[in-house]
Every structure is written in C-alpha cells, then in structure tokens.
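Data block below; observations after.
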Amino acid sequence: MDQLASYTTQSTRSGESVMDIHTLVRPELTELFVTASSQNGNPYGIFADALQAIKENDATVVSQHVFAPIGADGAGTKALTDAAGRCDWPVTWIDSGHKKGSHLAGTQFYAVIGGDVESIEDGGRVVASTFEDSDARYCYLGDMRASDTSETRPDQAKRTFDLMEKSLDKAGMDFSNVIRTWIYLEDLLDWYGPFNEVRTSFFSDRGVFDRLVPASTGISGANPYGAAMMSSALAVAPKHEQFTVEAVASPLQCPAPAYGSSFSRGVEFGTPGCRRLSVSGTASIAPGGETVHLDDIAAQIELTFDVVQAILVSRGMDWGNTAKAMAYLKDASYITAFDDYCRAKDVENIPFVITENHVCRHDLLFEMELDAVAVD
C-alpha cells in the first residue's frame with residue numbers, strides 16, 4: 001500500500017439487484033469490494049450481476065460471502081454454480097431469514113486486479129485464497145466448518161478452528177497472522193456460551209491474548225451443510241515495519257473481553273499512505289457491557305450507528321470511507337426502522353447487505369459491521 005493509491009465508488013441498479021463497487025487502486029494491484037443486494041425478491045439474481053461486473057473489470061475473486069435463503073434441494077448453491085461455474089474461491093454461505101421466509105438477500109465479493117491469487121483446498125473444496133504485494137501476504141479463509149456434523153456443537157467449533165490452522169499452515173502462516181474472524185453459529189442463542197469457552201481456550205493455547213486479539217462478528221445463521229458453525233477469516237503477514245496491524249478501541253464501549261467475549265472492537269492495518277479498518281460486529285451495548293434500549297429497535301439502531309461512527313472518527317474516517325457493511329436484523333420487519341434512520345441521517349449510500357439473523361443476546365435487535373478504507 002502506498003501514497004499513490006486512490007479510492008472510488010460506483011452504484012448501479014438493475015432488474016435483479018442493487019450493486020455497489022468500491023475500488024481501491026494501487027500501483028501494484030487494484031482491490032474491488034462488490035456488494036449486491038436483491039432488488040425484485042429473487043434472492044439469487046445477485047450472483048450473475050456481480051460476477052459480470054467482476055469479469056468486466058478483469059478481476060479475480062478472492063472470497064465471497066452470501067446471505068440468502070438456502071432454498072429447497074440446494075436451490076441457492078445451484079444458482080451460484082449456474083452463474084459462476086466452479087467457484088475457485090472460498091464461499092461462506094449463511095442462510096438469511098430461513099425460519100420466516102424473509103426476502104432479504106445479498107452477497108459480498110472481494111476481488112483483485114493484478115494480483116497472483118492462489119487457491120487452497122481441503123477435502124475437495126476451496127477454503128482459502130492467498131496473494132501478496134510488496135507490503136504483505138494476505139490469506140482470506142472461508143467455508144470453514146466441520147466435516148462431521150454428527151459431532152457436538154462445541155466439538156464442531158474445535159474442528160473449525162483446527163481447519164483454520166491447517167489452512168493457514170498451507171498458506172505459510174499461523175493463527176498469529178489472523179486479524180479478523182466472522183463466526184456464524186446455527187441457533188447461536190442456544191450455545192453461544194459453550195462456543196465462547198471453545199474460542200477462549202483456543203486463543204489461550206495459541207497465545208492470542210498476549211498479542212493482537214482479532215476483530216470479529218458473531219451472528220446466528222444456518223448454512224447449506226448442516227454444520228453447527230461456519231466461519232471465515234482474514235490473515236495478514238507484513239513484510240516490513242511500515243505495514244502495521246493494530247487493535248482499535250471503541251470510544252463509546254468497553255473492550256469486549258471485559259464481559260467475556262474474545263475479540264477486539266476493530267483492527268486497522270496498512271501503511272501510512274493507505275489504511276484498512278475492519279470494525280467488529282457492533283450492537284446497542286453500554287460502556288459497562290450491558291444491553292441498552294430494550295425492545296426499542298429505533299434507539300438500538302441509533303446507538304449502534306453512533307458507536308461505529310465514533311470508531312471511524314477516531315481513525316480519521318467517516319461514513320464515506322466505507323467499503324462494505326452488514327446490517328443484521330433480528331426480525332425482517334425492522335427494516336423500516338433501519339431505512340428511516342438511514343434517510344434521516346443521510347447515510348443511505350453505505351453499501352449494506354441487510355439480513356435477518358439473530359444477534360448474540362436475546363435482547364439485542366440489531367447489529368452492524370463494516371470495513372473502511374482511508375487513502376492519506
């Protein structure tokens with residue numbers, strides 16, 4: 001990353017999707033953050049539109065997240081295969097609103113132009129992509145899950161973290177290089193405590209608490225494979241001292257480990273000329289760690305946006321720096337309150353994918369995360 005970088009945004013609307021392409025141009029390579037959301041109620045039309053845009057830019061897909069109904073008889077994954085052919089990148093698929101038939105759906109692609117992207121496989125499926133520039137080596141993990149879904153949920157969580165390590169080893173890295181994780185647990189509210197015990201034990205054994213604790217998102221969501229846990233992650237191995245990786249505190253909230261969750265509020269990485277900020281899943285939590293604004297979706301949304309904005313401002317950024325974002329609604333009907341807030345605060349241009357998925361506490365109604373880019 002360097003001082004000659006530039007950052008541009010483009011939004012398009014078709015019969016199938018609303019699509020945002022945020023482009024970070026650097027001399028060595030160009031990065032594309034592509035967000036596509038369902039426009040007409042068809043949750044799968046998003047794939048062809050996004051992939052066509054990536055093809056037109058002559059870019060290579062590094063990773064993909066999907067938030068859409070699984071569909072009967074694998075209709076969702078079949079639609080992606082029909083649009084993409086073989087996916088030579090990790091696909092992390094999370095069911096959106098599977099219990100209520102919500103129409104909310106979207107996908108996020110990360111792609112690069114000019115980078116030599118290599119795939120890593122496990123058991124015949126792509127689980128990671130790697131590439132590098134003169135500043136660092138990058139590894140994007142996805143579709144991280146246990147292969148034996150008959151195991152207990154905590155055991156499947158252990159297998160998932162083991163797969164992360166195995167895949168990182170193939171990339172010439174280890175867990176010390178992980179700076180961001182995304183955790184999706186089926187029926188999260190039933191076993192979030194046992195999951196946290198597994199994660200904390202794994203982190204303790206690997207010395208994570210003695211160095212950077214990754215930023216993270218933890219959300220409820222099923223997957224097409226019946227696994228108790230699905231995960232993705234980003235690992236970075238810097239090549240020189242000018243490329244830094246550091247945890248970012250939240251000005252309006254306490255550190256998550258203060259109430260038993262093993263993640264940082266955010267992580268910033270890059271060089272002085274170009275920085276990336278990944279903000280963890282954020283919800284309506286007071287500085288002391290307790291949930292606030294019980295049963296008030298509008299107030300929970302407002303506080304959550306205030307907290308994320310404070311993190312952005314602390315790093316010299318604002319909403320315009322956002323490259324991609326997620327909005328998790330406990331109930332799809334809350335989209336009205338979400339849209340009302342975005343219009344009132346003039347933040348409608350943030351590239352959100354909006355889904356219906358439970359948050360990590362019974363009384364939390366809304367959560368958001370985002371990644372931002374600053375070119376200095």
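Counting just the residues of segment 14-30 that are in contact with a Ser or Thr (Cβ under 9 Å, 6 or more places away or on another chain) and part of a loop (DSSP other than H, G, I, E, B), which one comes out nearest to ALA323 (Cα to Cα)?
Filtering segment 14-30 for residues in contact with a Ser or Thr (Cβ under 9 Å, 6 or more places away or on another chain) gives 16-26, 28, 30.
Now restrict to residues that are part of a loop (DSSP other than H, G, I, E, B): 16, 26, 28.
On the way: GLU16: 21, ARG26: 15, GLU28: 19 Å.
That would be ARG26.
Only residues that are among the aliphatic types (A, V, I, L, M) and either under 21 Å from GLU118 (Cα atoms) or under 22 Å from the mean Cα position of the chain (by Cα) (or both): list them for segment 51-81, please. Show your work before the answer.
To start, the set of residues in segment 51-81 that are among the aliphatic types (A, V, I, L, M) comprises 51, 53-54, 59, 61-62, 66, 68, 70, 72, 75, 79-80.
Within segment 51-81, LEU51, ALA53, ILE54, ALA59, VAL61, VAL62, VAL66, ALA68, ILE70, ALA79, LEU80 meet the criteria.
Search segment 154-172 for residues being among the hydrophobic types (A, V, I, L, M, F, W, C) and assigned to a helix (DSSP H, G or I), and hand back the single one that is farthest from LEU189 (Cα to Cα). Let's see the steps before the verdict.
Here is the first cut: in segment 154-172, the ones among the hydrophobic types (A, V, I, L, M, F, W, C) are 157, 161, 163-164, 168, 171.
Filter again for assigned to a helix (DSSP H, G or I), leaving 157, 161, 163-164, 168.
Numbers: ALA157: 15, PHE161: 20, LEU163: 24, MET164: 23, LEU168: 29 Å.
That would be LEU168.
For segment 61-82, which residues satisfy the criterion of being touching a Phe, Trp or Tyr at 6+ places or on another chain (Cβ under 6 Å) and either assigned by TED's automatic domain parsing to the domain that holds ILE219 or farther than 15 Å from SER38 by Cα (or both)?
Start the filter on segment 61-82 by keeping residues that are touching a Phe, Trp or Tyr at 6+ places or on another chain (Cβ under 6 Å), which leaves 61-64, 66, 79-80.
Selection gives VAL61, VAL62, SER63, GLN64.
Quick one: which strands (runs of 3 or more DSSP E) lie wholly within segment 257-338 and hold at least 3 residues that are small (Gly, Ala, Ser) and not assigned by TED's automatic domain parsing to the domain that holds THR107? Spell out the reasoning first.
Numbers: elements: 266-271, 274-283, 322-329.
It comes to 274-283, 322-329.
If we keep just the residues of segment 53-89 that are assigned to a helix (DSSP H, G or I), at pLDDT 90 or above and of a type in the set (Val, Ile, Thr), which is surrounded by the fewest Cβ atoms within 10 Å (Cβ to Cβ)?
THR81
Please indicate, with yes or no, whether at least one residue in segment 155-165 is free of Cβ contacts under 8 Å to residues at least 60 places away in the same chain, within 23 Å of GLY124 (Cα to Cα) and among the polar types (S, T, N, Q).
no
The values are calculated or read from the model by the stated rules, or taken from the named source; none is laboratory data. Note that the structure is predicted; figures quoted are calculated from it, not measured. So basically every Cβ, Gly included, is an ideal-geometry build from the backbone, and we count neighbours across all protein chains shown.
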